[in-house]
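Everything on this sheet refers to the single structure shown next.
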């Protein structure tokens, strides 16, 4: 029996584990948090910090293949582990995609479309760089940003001065930073490429994403995108996966919109960032496609050939995130009362991640629906979620 290790015990690992087990694998999970959801899906749980080389080595020694479910795994400890050839995607891919400076430099070197940017290593460089780059601009820390964290919109030199007087200065000094031009976004999309060790590759249907407060709110598939832009987005995603030498999954997040510089009237594709792992938007594949992003990664890790992914039916599918606010509205700290959904024929799936501790804006679960068209799917998904967040209609769990 093949044993696969997963670095990270969050919801992505919790959904990857059964996909591996369905194909006959044993699963080990490593996470510093002993309550991480994926640990309950593992044949063996490994607890330790990301810098505990001895504990990391135990995982690698016990496993035939290793992957990760989020890209903020610290690489210093991993770099000292024997058997790194088992890691997919590779340590080099992880290092590049977890650092916005390296990611942007990769895009520039490979000629892949991206927003104009400048980078810096210390907070002291920011004021002069911003003045030369021009306003408005989007400032992002090079490391650690997720769901809008570590990002600020700067409209003037005064904004820079104010920001540098806050604790953000320390974060900018700790990781470095990237300053980007704002894009007038028409649509946000993501493309998931699954790539085998021999270079065989497939790309899932494009996902259309809407964010609220920088957190993914809903994902729609198929994306409402003209054929030429769809082809370009897939081409960029495939080119990036090949250039990085990915074995496993690479999610490319893209903006479709207009530049604030250069040719502002032209709608183009811009690469935002990469995620070398299963992606929140890809949860919709569990019901929308003939096989999911999780099975795709499981196949790659176990040496099982991929087949072209496709939608299972006409119409549209929509995934909606369930954040901590839904639990808070019901007055619950554990499960949810789902009675409002009884008998709804359009609801395909609800997944509750089993996280310990409810918090505002924390991803706690998701639901997936099917509709006759995009608007029907979006309307249904939002209505079902709204039903859960109506405490007057539901009893507290």
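The values are calculated or read from the model by the stated rules, or taken from the named source; none is laboratory data. All values derive from a computational prediction rather than experimental measurement. Because the Cβ atoms are built from the backbone with ideal geometry, glycine has one as well, and the counts that use them run over all protein chains shown.
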Seminar exercise, completed: Here the residues within the range 82-94 that are in a helix (DSSP H, G or I) and surrounded by 21 or more Cβ atoms within 10 Å (Cβ to Cβ) are 93, 94
Problem set entry | Meets criteria (under 24 Å from residue 289 (Cβ atoms), surrounded by 15 or more Cβ atoms within 10 Å (Cβ to Cβ), modelled with pLDDT under 95 and in the same structural domain as residue 198 (by TED's automatic domain parsing)) for residue 337 | no
Exercise. Applying the selection to the range 265-311, what residues are surrounded by fewer than 21 Cβ atoms within 10 Å (Cβ to Cβ) and within 30 Å of residue 179 (Cβ to Cβ)?
Worked result: 265, 266, 267, 268, 272, 273
Problem set entry | Filter result for residue 262 (modelled with pLDDT of 95 or more and either farther than 24 Å from residue 381 by Cβ or surrounded by 15 or more Cβ atoms within 10 Å (Cβ to Cβ) (or both)) | no
Exercise. Within the bounds of the range 56-72, is there any residue that is buried (at least 16 other Cβ atoms within 10 Å of the Cβ), under 27 Å from residue 290 (Cα atoms) and modelled with pLDDT under 95?
Worked result: yes
Problem set entry | Among residues of the range 1-15, those that are modelled with pLDDT of 95 or more and touching a strand residue (DSSP E or B) at 6+ places or on another chain (Cβ under 6 Å), counted | 8
Exercise. What number of residues within the range 188-204 satisfy the criterion of being out of contact with any helix residue (DSSP H, G or I) (no Cβ under 7 Å at 6 or more places or on another chain) and crowded, with 20+ Cβ neighbours inside 10 Å?
Worked result: 1
Seminar exercise, completed: In the range 360-374, residues that are under 18 Å from residue 317 (Cα atoms) and either at pLDDT below 95 or over 24 Å from the mean Cα position of the chain (by Cα) (or both) total 3
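Kindly indicate the residue of the range 95-114 that is in contact with a helix residue (DSSP H, G or I) (Cβ under 7 Å, 6 or more places away or on another chain) and not in a helix (DSSP H, G or I) and also surrounded by the fewest Cβ atoms within 10 Å (Cβ to Cβ) among those meeting that condition.
Keep residues of the range 95-114 that are in contact with a helix residue (DSSP H, G or I) (Cβ under 7 Å, 6 or more places away or on another chain), which gives 95-97, 102-103, 106, 110, 112-114.
Still in the running and not in a helix (DSSP H, G or I): 112-114.
Values: 112: 18, 113: 15, 114: 23.
Of everything passing the filter in the range 95-114, 113 is surrounded by the fewest Cβ atoms within 10 Å (Cβ to Cβ).
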For this session: Identify all residues within the range 103-115 that are closer than 28 Å to residue 298 by Cα and out of contact with any strand residue (DSSP E or B) (no Cβ under 8 Å at 6 or more places or on another chain); write none if there are none.
Result: 106
